[in-house]
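Asks: To start, I am sharing the structure in question, which I have written as structure tokens.
The values are calculated or read from the model by the stated rules, or taken from the named source; none is laboratory data. From a predicted model like this one, the values you see are computed outputs, not experimental measurements. Reconstructed Cβ throughout: ideal geometry from the backbone, glycine too, with neighbour counts over all protein chains shown. Heavy atoms of the whole protein, side chains included, go into the accessibility calculation; ligands, DNA and RNA do not. Shrake-Rupley method; radii C 1.70, N 1.55, O 1.52, S 1.80 Å.
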Amino acid sequence: MIHYAERQTLVVPSETKCQAFRDMVISRELDLQMIKLVKQNKGSFHVGAAGHEAAQLSAAMSLKKGSDWVFPYYRDLTLCLTLGFTPREVLLDFLGKEASPSSKGRQMYAHWGKRSSKIVSQSACTGTQYLQAVGAAMACKRDASNGMVLVCSGEGATSQGDFHEALNWSARERLPILFLIEDNDYAISVPKYEQIAGLNIANIAKGYEGLSTYIVDGTDFTFLLPFFNEIVEKCRKGEPCLIQANVVRLLPHSSSDDHSKYKLPEQLQEDSRRDCLEILKRELISQGIKSQSECQRVIENAKIEISAAVDWALMQQDPSAKDVLRDVISNTKTRTQELDYEHGAIEGDSVVMIDAINHALDEELLINPKMLIYGEDVGGLKGGVFSATRQLAQKHGSHRVFNSQLAESAIVGTAIGLSLAGYKPIVEIQFSDYIFPAFMQIRNELAMMRYRSGGEWSCPVVIRVPTGGYIAGGHYHSQSIESFFSHMPGLLVAFPSTASDAKGLLKTACRLEDPVLFLEHKFLYRQGFAKSPEPSTNYLLPFGKGRVVKFGTDISIITYGVMVQRSLEAAVTLERTHRVSIEVVDLRTLIPYDKELILTSVTKTGVFENLELRMLDSKFNRRPMDSTLIFRSDVIIIGITDYALDEFSERFPWPRRYYAKIIENLNKAGASVVAFDLLFTDVDSKSEDSTFRKALSNAENIVIAGREPVENLRMDIQWSAKANYQTIFDNVKNINVGNVSLRQDNDGIYRRYHPMSYNTLDKPFLSFGYAILNKYFKHSAQDTLLRLNNRAYSFMNKSIPLWWDGVSTLLNFYGSDRTFPIISADAILDDSSIVTKTEMDLLRDMSRTLGIDSSAMYRPENRAFWEINIFHDSLSNVQNKVKNKICIVGPMFPESKDFFTTPMWYGGEPSQNGIYGVEIHATAVQNFIDALSLSYIITLVYEYFIAAKQKRVIKEFFTAYVPPMLVEQMIDQPSLFKIGGEKRELTMLFSDIREFTHISESYKEHPEHLVALLNEYLGVMTDIIFKNKGTLDKYIGDAIVAFWNAPVPVNNHAEMACLAAVEMQRKLDELRQKWAMEGRPPIYSRIGINTGIVIVGNMGSQSRFSYTAMGDAMNLASRLEAANKYFGTEIIISEYTQKIVKDFFLLRELATITVQGKSEPVKVFDLISVKERGKRYSEIEPAHTAKQGVISIAKD
């Protein structure tokens, strides 16, 4: 212990003591006022400095304000006030106001930070500041600035491992740093003797050779100030020091604590006796520097000043919710503008990934003199356990590439401090398995620094981490950590799969303003498939930009790192064995990730629709079952149930006289409609069919089921009047036939209903439900639905909202199965004319009981003993139940297989849920009736999934086909296009690669290189098509199919297609030069263009959206592409296109030809170039083949 008596010759000027007294009073009064605000519920949390003021004030006064670095801890109010905080700013922090200097209102009180005073932003984590302070001290030593670092904490935090790692590093490197341990004996409630061996941390710290340690009385300002002045100067000269200042904590740990629970009254009394403010006050009075009244006046003035500051602070602006995501990372726009991405070429020799990483680090060390590289085994001759940094120390010096302690937290913590001081640390964690000691520094410090300081501080550290398996490394050399670290706001994560990407991304990481976790899969370091041409020194790859490694149309694989190659291998196997087209997307970076690329891919392959459907299911299942339907339903289901089948001995389907009886009885009871969800496709017997036909003819309210093959259900197809509805009774007068076919979504669930399948020339084929509605509202059988637009039908002057496919409507389910009122069919049949099984059993029982012959039991006088006749029974009330109701007769027994999975499940699993087909038809009917009466809010689903989602649907379905400018036009003016099929004049372009088989053979040993070449070619050509307002139809292997004038009209579509073709050939010439330098084979293409009328629209299956065009004009374009081979040309256009574009392009007549599949001759032209505006051109002489008559061109 250094005693005051040993320093009594050092005099502190009176004015300094007076100023110190005032500063300590201001600090104390702030503590008292904030405690009061917490009690008034105007503040949420307070932690006090009372009792620590003298030590903090002395330390602060010994520093160079605004020059030396300070890493305070939460109790350092007096320290921060002395170094630059004003009372008002303290209160802004305390109240969480927008203008608070520490965090812009984002942190709790006492998490200090002020850049202008070099007070580094602090978190609530105890002890993390030590290593960051060491990093700042490393910067001071490197800069030779005569600066130093003060880092503070309580004695409890010295139990943290980071503390000892910091002492070791500081002592080993002789850093200009002072550790101030404000020892108040308690870590919240835990006494020091339960924390520290020997009670004094300074004695433990003495073991670090090169570190000077001191224990002082932290309550005596007059002694402390000269002492701190002396120690600080020692630190500046490179002698790290630790001061244990024994202080008292006069207040509870915080406003959430009550220290009377663990401190005895005599301890609290002793603490008050050692109050540093009272000690200084007594000294001022005893030495005649101030009187008692003058001291009291200072206190009163402080109260007035702080009270005014409180009033002012309470009126200041709170943080705005709109800024909640600001400063998570640096400004993306600014970052993008400052860095010139993808500027350099990728034209060097092929390198493996580990060499690309080494070269990137080498180049960036030359560019940035502030860049440092360190980690375990990184420096010296070894250059890392994987040789990533080999020769870098020798080339750039051991002061820039060096080894660290074997301490991961120390590596990251010091890097944070260095980055705060303007350096660019690139550190290595040797194996990802061992990164977790640094987890606190990465998650709570590195990633959060910018956000928690409101953008005042940033830590642009790069952490390189070899990761992953496939090297037989067992449990602890094979772990993958990206899932942990990709969920940390403020941290960017890269995970390249090739050498060129690794170099481009690492060089970018070295220049970004944000922290980056750079993951390097160990298995890729020297793999041949990860080799690639090395990018130039200027090549930077942006974060958040993925790439399509392999194009496909059926399945999307979104991946990164080593799994890119694995996915390519799986894709090739599946395409060969299962004939599916798989797209592989390499994300390259996980944070940020290329969201647009993912959406484009999954939209193309159908994943987007599945997500939408799941959202719809979730909406249904959040609603309760409609318990009122049983009472209010306009539909009654007459179920052919297991019980009904048991009541009759005949096989199912029943004899048709039974259905005739159902018609008779239901109409007697006053049913408004009788509908049969049963297909009568075959003859039963002459008598049975005659009975049923007669019943159908005598009634005017009957609907029976019909069906067409599902693949024929297209809105735009016109069928003949002789359409076979798969029922032998479709010619009966007065009945309606409705289509009972139901269509599932691509996940096997039934959510939609098709109001109409198609029109015949004189009779609509309505769905079964809408045929019922037609009868219910007594409309003519010829009345049909009218299409209003792609989003709605009109039926009975009611608009029916349609799903995005333009032909179906969403079913608004009322609940799971048996939500509708159901009457078993046997109850309808059971009148005096039919004897049921139950009645027969009763007859036999009564016959035995009464001793009457069973034949005699049929006599009228005996029927009362066994006859039930449910239909006429007043207790059953069947007739009243069906009166004025729509009665739908249908199977409701498992063996019927008429059971469909729906999105409704109450208390069960989705896979176990389903309802009978008759219930689906009943739902469609009731939906429409409810919509008419507005008694059921069917528009809820419509608004969310049709109106509100329309723009998103357009954007995400058409992004893969249409350039962005046309997508935006479609969103703004949806009336310009139709999703369903339509006839329209288009200009079509077919492009194919010459001799592609020969090219692919040359890549037999390295198919991944062929994929890369083809992807580059297709990508560039597609960009040109999009640039010229074209729509990409599809890729067919190496061929490109595109068209113009759909889905959005393009007035000069023929001209734009020809412009695209010329530009494609010009760009291909540039690519050939580039590929020649890279040692890759040249590619030549042939293009055919035609203009004509075709069918264009969504021609996919139920589960796949496919916007395409079909017709003779489309086929001709493909044949013209092949005709180039015959004429030795690059671009051929038809006479139909030539007539439109002849004023804009230089053309030469080639010949009149016929092509396969088209007997009519067509004149074709060689498209040579674009005509310059204002320049006169003479007509080009036709080719000699133009005079040879009609030439037949065989299919290539």
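Asks: The conditions are (1) of a type in the set (A, V, I, L, M); (2) on the phi > 0 side of the Ramachandran plot; (3) part of a helix (DSSP H, G or I), and L199 fails exactly one of them. Which is it?
Replies: Tallying (1) of a type in the set (A, V, I, L, M); (2) on the phi > 0 side of the Ramachandran plot; (3) part of a helix (DSSP H, G or I), L199 fails exactly one: (3).
Asks: Further question: Going through A137, A99, A144 one at a time, which residue ends up being surrounded by fewer than 21 Cβ atoms within 10 Å (Cβ to Cβ) and in contact with a Leu (Cβ under 7 Å, 6 or more places away or on another chain)?
Replies: A99 is the lone residue from the list that is surrounded by fewer than 21 Cβ atoms within 10 Å (Cβ to Cβ) and in contact with a Leu (Cβ under 7 Å, 6 or more places away or on another chain).
Asks: Restricting region 434-484 to residues that are among the aliphatic types (A, V, I, L, M) and over 20 Å from V328 (Cα atoms), which is surrounded by the fewest Cβ atoms within 10 Å (Cβ to Cβ)?
Replies: If we take residues in region 434-484 being among the aliphatic types (A, V, I, L, M) and over 20 Å from V328 (Cα atoms), then A472 is surrounded by the fewest Cβ atoms within 10 Å (Cβ to Cβ).
Asks: Testing H343 on (1) open to solvent by 10 Å² or more (accessible area, probe 1.4 Å); (2) assigned to a loop (DSSP other than H, G, I, E, B); (3) out of contact with any Phe, Trp or Tyr (no Cβ under 9 Å at 6 or more places or on another chain), one condition comes back false. Which one is that?
Replies: Going through the list (1) open to solvent by 10 Å² or more (accessible area, probe 1.4 Å); (2) assigned to a loop (DSSP other than H, G, I, E, B); (3) out of contact with any Phe, Trp or Tyr (no Cβ under 9 Å at 6 or more places or on another chain), H343 breaks only (3).
Asks: Working only within region 557-571, note down all residues that are farther than 15 Å from N1015 by Cβ, within 21 Å of the chain's Cα centre (by Cα) and open to solvent by 30 Å² or more (accessible area, probe 1.4 Å).
Replies: Across region 557-571, the qualifying residues are I558, Y560, M563.
Asks: Going through T537, T553 one at a time, which residue ends up being of a type outside the set (K, R), open to solvent by 20 Å² or more (accessible area, probe 1.4 Å), modelled with pLDDT of 90 or more and part of a loop (DSSP other than H, G, I, E, B)?
Replies: None of the others qualify; the one that does is T537.
Asks: Would you confirm whether or not region 287-298 contains a residue that is within 59 Å of the chain's Cα centre (by Cα), free of Cβ contacts under 8 Å to residues at least 40 places away in the same chain and surrounded by fewer than 21 Cβ atoms within 10 Å (Cβ to Cβ)?
Replies: no
Asks: Here's a check for you: in region 870-907, which residue that is at pLDDT below 85 and under 16 Å from I823 (Cα atoms) is most open to solvent (accessible area, probe 1.4 Å)?
Replies: Selected residue: L875.
Asks: Could you please find all residues in region 449-466 being among the charged types (D, E, K, R) and in contact with a strand residue (DSSP E or B) (Cβ under 7 Å, 6 or more places away or on another chain)?
Replies: R464
Asks: Determine whether region 225-233 contains at least one residue that is acidic (D, E) and exposed (fewer than 15 other Cβ atoms within 10 Å of the Cβ).
Replies: yes
Asks: For region 849-869, indicate whether the set of residues that are basic (K, R), over 21 Å from W654 (Cβ atoms), surrounded by fewer than 18 Cβ atoms within 10 Å (Cβ to Cβ) and at pLDDT below 80 is non-empty.
Replies: Checked region 849-869: at least one residue is basic (K, R), over 21 Å from W654 (Cβ atoms), surrounded by fewer than 18 Cβ atoms within 10 Å (Cβ to Cβ) and at pLDDT below 80.
Asks: Right, next: In region 382-394, which residues are open to solvent by 20 Å² or more (accessible area, probe 1.4 Å) and in contact with a helix residue (DSSP H, G or I) (Cβ under 7 Å, 6 or more places away or on another chain)?
Replies: F386, S387, R390
Table: residues versus (1) at pLDDT below 65; (2) surrounded by fewer than 20 Cβ atoms within 10 Å (Cβ to Cβ); (3) in a strand (DSSP E or B).
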site	(1), (2), (3)
E711	yes, yes, no
K722	yes, yes, no
I728	no, yes, no
G748	no, yes, no
I772	no, no, no
A781	yes, yes, no
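Asks: Next up: Looking for something under 37 Å from the mean Cα position of the chain (by Cα), open to solvent by less than 10 Å² (accessible area, probe 1.4 Å) and in contact (Cβ under 8 Å) with a residue 40 or more places away in the chain - is there at least one such residue anywhere in region 52-64?
Replies: Checked against the condition, which is being under 37 Å from the mean Cα position of the chain (by Cα), open to solvent by less than 10 Å² (accessible area, probe 1.4 Å) and in contact (Cβ under 8 Å) with a residue 40 or more places away in the chain, region 52-64 yields no hits at all.
Asks: If you go through region 236-267, how many residues are part of a loop (DSSP other than H, G, I, E, B) and either open to solvent by less than 20 Å² (accessible area, probe 1.4 Å) or more than 18 Å from V190 (Cα to Cα) (or both)?
Replies: 9
Asks: Still on this model: Within region 1009-1032, track down each residue that is among the acidic types (D, E) and under 16 Å from W1075 (Cα atoms).
Replies: Answer for region 1009-1032, where residues must be among the acidic types (D, E) and under 16 Å from W1075 (Cα atoms): just E1016.
Asks: Please determine, by comparing only the residues of region 268-286 that are under 20 Å from D31 (Cβ atoms) and of a type in the set (S, T, N, Q), which one is surrounded by the fewest Cβ atoms within 10 Å (Cβ to Cβ).
Replies: Taking the candidates together, the pick is Q269.
Asks: Could I ask something else about it? Filter region 811-830 down to the residues that are of a type in the set (D, E, K, R) and assigned to a loop (DSSP other than H, G, I, E, B) and list them by number.
Replies: Once the filter is applied, which keeps residues that are of a type in the set (D, E, K, R) and assigned to a loop (DSSP other than H, G, I, E, B), region 811-830 yields D817, R818, D830.
Asks: Between V310, V378, V352, which is open to solvent by less than 40 Å² (accessible area, probe 1.4 Å) and either of a type in the set (K, R) or under 23 Å from A410 (Cβ atoms) (or both)?
Replies: Only one candidate passes the filter, namely V378.
Asks: Here is a follow-up. Are there any pairs with C-beta distances below 8 angstrom linking a residue in region 246-261 that is farther than 14 Å from V38 by Cβ and of a type in the set (D, E, K, R) to a residue that is assigned to a loop (DSSP other than H, G, I, E, B) and open to solvent by 40 Å² or more (accessible area, probe 1.4 Å), with the two at least 6 apart or on different chains, and if so which?
Replies: What qualifies is R249/D185; K261/S189.
Asks: In addition: Considering only region 407-493, give the helices (runs of 4 or more DSSP H) lying wholly within it that have at least 2 residues that are more than 30 Å from S116 (Cβ to Cβ).
Replies: 482-485
Asks: When region 1134-1154 is examined, which residues are found to be without any contact (Cβ under 8 Å) to a residue 40 or more places away in the chain and surrounded by 20 or more Cβ atoms within 10 Å (Cβ to Cβ)?
Replies: Hits for region 1134-1154 are Q1138, L1147, L1150.
Asks: Any idea how many residues of region 102-121 are of a type in the set (S, T, N, Q), in a loop (DSSP other than H, G, I, E, B) and either open to solvent by 10 Å² or more (accessible area, probe 1.4 Å) or farther than 27 Å from L37 by Cα (or both)?
Replies: Number of matching residues: 1.
Asks: Scan region 1036-1071 residue by residue and report those that are free of Cβ contacts under 8 Å to residues at least 12 places away in the same chain and over 35 Å from the mean Cα position of the chain (by Cα).
Replies: Across region 1036-1071, the qualifying residues are N1051, N1052, R1066, D1069, E1070.
Asks: If the Cβ limit is 6 Å and pairs must be 6+ apart or interchain, which residue in region 814-842 that is closer than 30 Å to R622 by Cβ and hydroxyl-bearing (S, T, Y) pairs with which residue that is at pLDDT 80 or above and open to solvent by less than 10 Å² (accessible area, probe 1.4 Å)?
Replies: Y814/L629; T819/L629
Asks: If you scan region 125-134, which residues turn out to be open to solvent by 10 Å² or more (accessible area, probe 1.4 Å) and in contact (Cβ under 8 Å) with a residue 60 or more places away in the chain?
Replies: Within region 125-134, C125 is the sole residue that qualifies.
Asks: Please verify whether P319 is closer than 29 Å to Y186 by Cα and open to solvent by less than 70 Å² (accessible area, probe 1.4 Å), treating the condition exactly as stated.
Replies: no
Asks: Kindly indicate the residue of region 143-183 that is of a type in the set (D, E) and in contact with a strand residue (DSSP E or B) (Cβ under 9 Å, 6 or more places away or on another chain) and also farthest from N246 (Cα to Cα) among those meeting that condition.
Replies: Among those that are of a type in the set (D, E) and in contact with a strand residue (DSSP E or B) (Cβ under 9 Å, 6 or more places away or on another chain), it is E155.
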